[in-house]
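Asks: This is the structure, below, for whatever I ask next.
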Amino acid sequence: MSPRPNRPLKCLPSTPTGPSLAQPAPTGTGGGAPKGFAEGVPTAVRPDQHMRDGRYPIAWLTISAPRGAVPTVTSACACGRNRFAAGHRKALALIADHTRHRDLCPLRTHQEGAAV
């Protein structure tokens, strides 16, 4: 088999003779509001439309059970608890333990005499 002859490389066009930078678009006839804003429309920031009730998550249970694979469970809490389990029996046990921890977590239980 004989080697292929070298083909000439494509050349870049010569340097353009015109301006190299794009010219800015001409401005409007007035110096009013920026384009995109209607005249007389307030632009103040509106409050968050989602009403919050003071609750926030402190514990997370992540379950991964792909079809045909070993299920895994991770239980994490803001109090510092972080547990992991793999396999059917261990995963079910950790799910039950996570549920029990919800009732015993020091971040969720109120101490006697403390202001609520």
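The values are calculated or read from the model by the stated rules, or taken from the named source; none is laboratory data. Model, not experiment: these values are computed from the prediction. Cβ coordinates were reconstructed from backbone atoms using ideal geometry, including for glycine residues, and neighbour counts include every protein chain displayed.
Asks: Is there any pair with a first residue in region 43-69 that is at pLDDT 75 or above and a second that is basic (Lys, Arg) whose Cβ atoms are under 7 Å apart and which are 6 or more apart or on different chains, and what are they?
Replies: That search, which allows pairs on different chains as well, returns Ile58/Arg108; Ala59/Arg102.
Asks: Here is a further query. How many of the residues making up region 51-76 are more than 19 Å from Arg89 (Cβ to Cβ) and outside any loop (DSSP other than H, G, I, E, B)?
Replies: 3
Asks: For region 13-31, does any single residue satisfy the condition of being among the small types (Gly, Ala, Ser) and at pLDDT 90 or above?
Replies: no
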